[in-house]
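Structure first, then comments.
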Amino acid sequence: MPGLLYTMGDPAGLGPELLFSADLENISSKHPLLIIGPENILDYHAQNFGRSRFWKRIDNPRSIKDADPGIYLFQPPSIDGQTYIPGRGDSSGGFAAGTSLNLACGLLEKDFAQALVTGPLN
């Protein structure tokens, strides 16, 4: 079954942090959930919340269509190497948000996923 998509919005904003308070295990027990955005900000929040990684990184976002239920992460190559500081928005955060949302919309348009939720955008 096609999966669900979540883009973080601005990685320096609330979007990545919201993932740690959402009931993702319940959602992802029935469908694959693909998070699109930078992995380093998730690692930052995982450390702050005392949580381990709950996602599996994938190299091809189109694989979400046939994936088993679970939580997956795709980091667009164009945002590799960027650093984000929570609470400090800048153009790199806007670029990551736009890149992630553009990719997610393309996946929806081609039926690789059935729904999209995005974190707050600045």
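The values are calculated or read from the model by the stated rules, or taken from the named source; none is laboratory data. Because the structure is a prediction, the values reported are computed rather than measured. Please note: Cβ atoms are built from the backbone with ideal geometry, for glycine as well, and neighbour counts cover all protein chains shown. Just so you know, the surface numbers come from the protein's heavy atoms only, side chains and all, with ligands and any DNA or RNA stripped out. Shrake-Rupley method; radii C 1.70, N 1.55, O 1.52, S 1.80 Å.
Looking only at the range 30-55, which residues are under 16 Å from Tyr6 (Cβ atoms), surrounded by 11 or more Cβ atoms within 10 Å (Cβ to Cβ) and not hydrophobic (A, V, I, L, M, F, W, C)? First the steps, then the outcome.
Pass one, the range 30-55, residues under 16 Å from Tyr6 (Cβ atoms): 30-39, 41-42, 45-46, 53-55.
Cutting the leftovers down to surrounded by 11 or more Cβ atoms within 10 Å (Cβ to Cβ) gives us 31-39, 41-42, 45-46, 53-55.
His31, Pro32, Gly37, Pro38, Glu39, His45, Arg53, listed by residue number.
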How many residues of the range 1-23 are open to solvent by 10 Å² or more (accessible area, probe 1.4 Å), farther than 19 Å from Arg88 by Cβ and of a type in the set (A, V, I, L, M)? The answer is 3
For Ile27, only one of the following conditions fails: (1) closer than 25 Å to Ile85 by Cα; (2) hydrophobic (A, V, I, L, M, F, W, C); (3) free of Cβ contacts under 8 Å to residues at least 24 places away in the same chain; (4) in a helix (DSSP H, G or I). What is its number? (1)
Checking Ala67 against (1) among the hydrophobic types (A, V, I, L, M, F, W, C); (2) over 13 Å from the mean Cα position of the chain (by Cα); (3) open to solvent by 70 Å² or more (accessible area, probe 1.4 Å), only one condition comes out false. Which one? (3)
Run Leu103 past the list (1) under 16 Å from Leu4 (Cα atoms); (2) among the aliphatic types (A, V, I, L, M); (3) at pLDDT 95 or above; (4) open to solvent by less than 40 Å² (accessible area, probe 1.4 Å) and report the number of the one that doesn't hold. (4)
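Among the residues of the range 39-53, count how many are among the acidic types (Asp, Glu) and either without any contact (Cβ under 8 Å) to a residue 12 or more places away in the chain or part of a loop (DSSP other than H, G, I, E, B) (or both).
Step one: filter the range 39-53 for residues among the acidic types (Asp, Glu), giving 39, 43.
With the extra rule that they be either without any contact (Cβ under 8 Å) to a residue 12 or more places away in the chain or part of a loop (DSSP other than H, G, I, E, B) (or both), the set shrinks to 43.
Residues that pass the stated criteria total 1.
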